[in-house]
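Enquirer: After the C-alpha cells below, expect a handful of questions from me.
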Amino acid sequence: MRRGCHSLVINSAWIRTVQFIRIDIQDKRILKAKARNPLSTFMSADATSQVFDGQTFDMTMASALFIHLTDERLAKAAASEMIRVTKSNGNLLVSDWRYAKPGNSHYKALSPTRLSELFEVGKRTKIVRKFRGPLVPRSDVCYRAIWRQPIFSFMPATFLTGHVTTVLRKIE
C-alpha cells in the first residue's frame, strides 16, 4: 500500500505481478494519479485510520508524508497504521526529507530520531537499510548502464542528499 499519489517508475513486468493500492486524502490528486497509473487501485482515505485488516500488506510505503505532518499525534497515528497493516516480517518504506525548511512551521523533518520514535524502532520495527539521495537514479548513471560508455554529467553526486528512504522491517 502506498500513501501519497506521486509518480513512481517501476519495471512493467514486475508491476503485472504486484497489486498496488494507493491512498491519499485529497480527491483531486487521486483523479490525476488514476489517469497516470491505470494498474493501481486508488482510495480516498485517511492515513491515520485505515479500513484494512491488520497484517494485510507485504509492504507499505509513505512518500513525503511525514514532513507535512507537524502534529506529532497525527504522525504517530499514521506510522502506527502503517505498522498495523503490514504483515509480520514485512517491509515499510519511508521516503521523506531529513531537513525541513528553516523557520517554516508547515514542515517538520523526518530526522533519524523522529523516525525511530514514530516507528518504534527496536520494539515494533527494525531498520534494514537507508538510501540517501533521490529516488530516481541520475540520468548519467542510466545512460552509462544502457550504452556502457562514460557520459559527462553536470549533476553533482550529492543531489537531494537531504532526502532519505528508510527500509524498516516489522518485527512484532
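The values are calculated or read from the model by the stated rules, or taken from the named source; none is laboratory data. Source: prediction; values computed, not measured. For neighbour counting, all protein chains shown are included, and Cβ atoms are generated from backbone atoms with ideal geometry for every residue, glycine included.
Enquirer: Which of the residues belonging to the range 72-89 are assigned to a strand (DSSP E or B) and surrounded by fewer than 18 Cβ atoms within 10 Å (Cβ to Cβ)? Let's see the steps before the verdict.
Expert: Narrowing the range 72-89 to residues assigned to a strand (DSSP E or B): 86-89.
Within the range 72-89, LYS87, SER88, ASN89 meet the criteria.
Enquirer: Moving to a separate point now. Restricting to the range 19-71, count the residues that are part of a loop (DSSP other than H, G, I, E, B) and among the hydrophobic types (A, V, I, L, M, F, W, C).
Expert: Residues flagged as part of a loop (DSSP other than H, G, I, E, B) and among the hydrophobic types (A, V, I, L, M, F, W, C) within the range 19-71 amount to 12.
Enquirer: Of everything in the range 58-71, what is buried (at least 19 other Cβ atoms within 10 Å of the Cβ) and either without any contact (Cβ under 8 Å) to a residue 40 or more places away in the chain or over 17 Å from ILE25 (Cβ atoms) (or both)? Give them in sequence order.
Expert: Listed by number, the list holds a single entry, LEU69.
Enquirer: Residues of the range 115-172 being at pLDDT 80 or above and among the charged types (D, E, K, R), which ones?
Expert: Narrowing the range 115-172 to residues at pLDDT 80 or above: 115-132, 163-171.
Within the range 115-172, GLU117, GLU120, LYS123, ARG124, LYS126, ARG129, LYS130, ARG132, ARG169, LYS170 meet the criteria.
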